[in-house]
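Participant: If you scroll down you'll find the structure; I have some questions about it.
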Amino acid sequence: MDQNELKKAVAKAAADYVKSRLDERTVVGVGTGSTANFFIEYLGEFKHDIQATVASSEETARRLKALGIAVIDLNSAPEISVYVDGADETNEHLHLIKGGGGALTREKIIAAVAKEFVCIADDSKLVDVLGHFPLPVEVIPMARSHVGREIVKLGGDPVYREGFVTDNGNIIIDIHNMSIVDPRKLEQQLNQITGVVTNGLFAMRPADKLILGGKDGLKTMS
Ligand code: 5RP
């Protein structure tokens, strides 16, 4: 199987999992990216059995609506039963780097609310130490230089994501060349920098379940 087929396989497994746990109150949080897009396709097959979805980006909302799947504002959702999303990197503790697609803030909000966070990925995303993938940080535009200088003090190389504006009207700085040996500590340190909206480390609230696809089949970690 190539990488796309693996993404499709884990998306199908997540859809089957969600389907097996449905009740009339089920609101599904839906992630952003190519793996989440496959999940959206499968969700369409049982759209009438779920109460609604909450989307982690404008792009995801557009895709859900195009399939006739109900999308509601998070503030109108009584709860989110399960949130399904991809990741850019994961370690064995289910600490993640997310935000390659720039949707990290809304993704983190949904993860914070969700009763269960199911991450889906092909096994190229599993690493021993996070940080090969540049860590995205969403920043208020006027704080760009300040945040960049603070990132240098923490030992990273900040790179401004040129021409990209988040759904919240902010910019992204990607941190390169940082070996993240203590993800929970770094997540908190970055959150303390004035002007940072969110960072793409999901360690304080990791995934609850990880469905990984590889050449030997699917593996679930929790
Ligand atoms: C978007 C994300 C995605 O989950 C992450 O970038 C993985 O994307 P893909 O499924 O396309 O590999 O965090 O902000």
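Participant: Give the residue, chosen from V82, V113, V159, that is farther than 20 Å from N191 by Cα, away from the ligand (no atom under 14 Å from the Cβ) and of a type in the set (V, I, T).
Facilitator: Matching residue, one of V82, V113, V159: V82.
Participant: With a cut-off of at least 1 residues that are small (G, A, S) and surrounded by 14 or more Cβ atoms within 10 Å (Cβ to Cβ), name the helices (runs of 4 or more DSSP H) lying wholly within region 104-202.
Facilitator: 104-113, 144-153
Participant: Same structure, new question: Kindly provide the set of residues from region 25-35 that are within 12 Å of R63 (Cα to Cα) and not in a loop (DSSP other than H, G, I, E, B), ordered by number.
Facilitator: If the condition is that a residue be within 12 Å of R63 (Cα to Cα) and not in a loop (DSSP other than H, G, I, E, B), then V30, S34 are the ones that fit.
Participant: Out of all the residues in region 85-97, is one or more surrounded by fewer than 22 Cβ atoms within 10 Å (Cβ to Cβ), among the aliphatic types (A, V, I, L, M) and within 16 Å of the ligand (Cβ to nearest atom)?
Facilitator: For region 85-97, residues surrounded by fewer than 22 Cβ atoms within 10 Å (Cβ to Cβ), among the aliphatic types (A, V, I, L, M) and within 16 Å of the ligand (Cβ to nearest atom): present.
Participant: So, in region 1-59, how many residues would count as being among the basic types (K, R) and closer than 13 Å to A70 by Cβ? Lay out the reasoning, then the answer.
Facilitator: From region 1-59, those among the basic types (K, R) are 7-8, 12, 19, 21, 25, 47; that's our starting set.
Narrowing the set further to residues that are closer than 13 Å to A70 by Cβ leaves 47.
Matching residues across region 1-59 total 1.
Participant: Oh, and also: Within the group A55, A11, which residue is within 13 Å of the ligand (Cβ to nearest atom), farther than 19 Å from L212 by Cα and not basic (K, R)?
Facilitator: That would be A55, the only listed residue that is within 13 Å of the ligand (Cβ to nearest atom), farther than 19 Å from L212 by Cα and not basic (K, R).
Participant: In addition: For region 16-34, name all the residues that are within 15 Å of the ligand (Cβ to nearest atom) and among the small types (G, A, S). Walk me through how you get there before you give the answer.
Facilitator: So in region 16-34, the residues within 15 Å of the ligand (Cβ to nearest atom) come out as 29-34.
Once the filter is applied, which keeps residues that are within 15 Å of the ligand (Cβ to nearest atom) and among the small types (G, A, S), region 16-34 yields G29, G31, G33, S34.
Participant: A follow-up question, please. Hey, among L64, L74, which residue is surrounded by fewer than 22 Cβ atoms within 10 Å (Cβ to Cβ) and of a type in the set (A, V, I, L, M, F, W, C)?
Facilitator: Result of the check over L64, L74: L74.
Participant: Count, please, the residues in region 36-80 that happen to be of a type in the set (G, A, S) and part of a helix (DSSP H, G or I).
Facilitator: The total comes to 5.
Every read-out reported here was derived from the displayed coordinates using simple, explicitly stated rules and does not represent laboratory data. Remember, predicted model here, so these are calculated numbers, not experimental data. Heads up, the Cβs are rebuilt from the backbone with ideal geometry, glycines too, and the neighbour counts pull from every protein chain shown.
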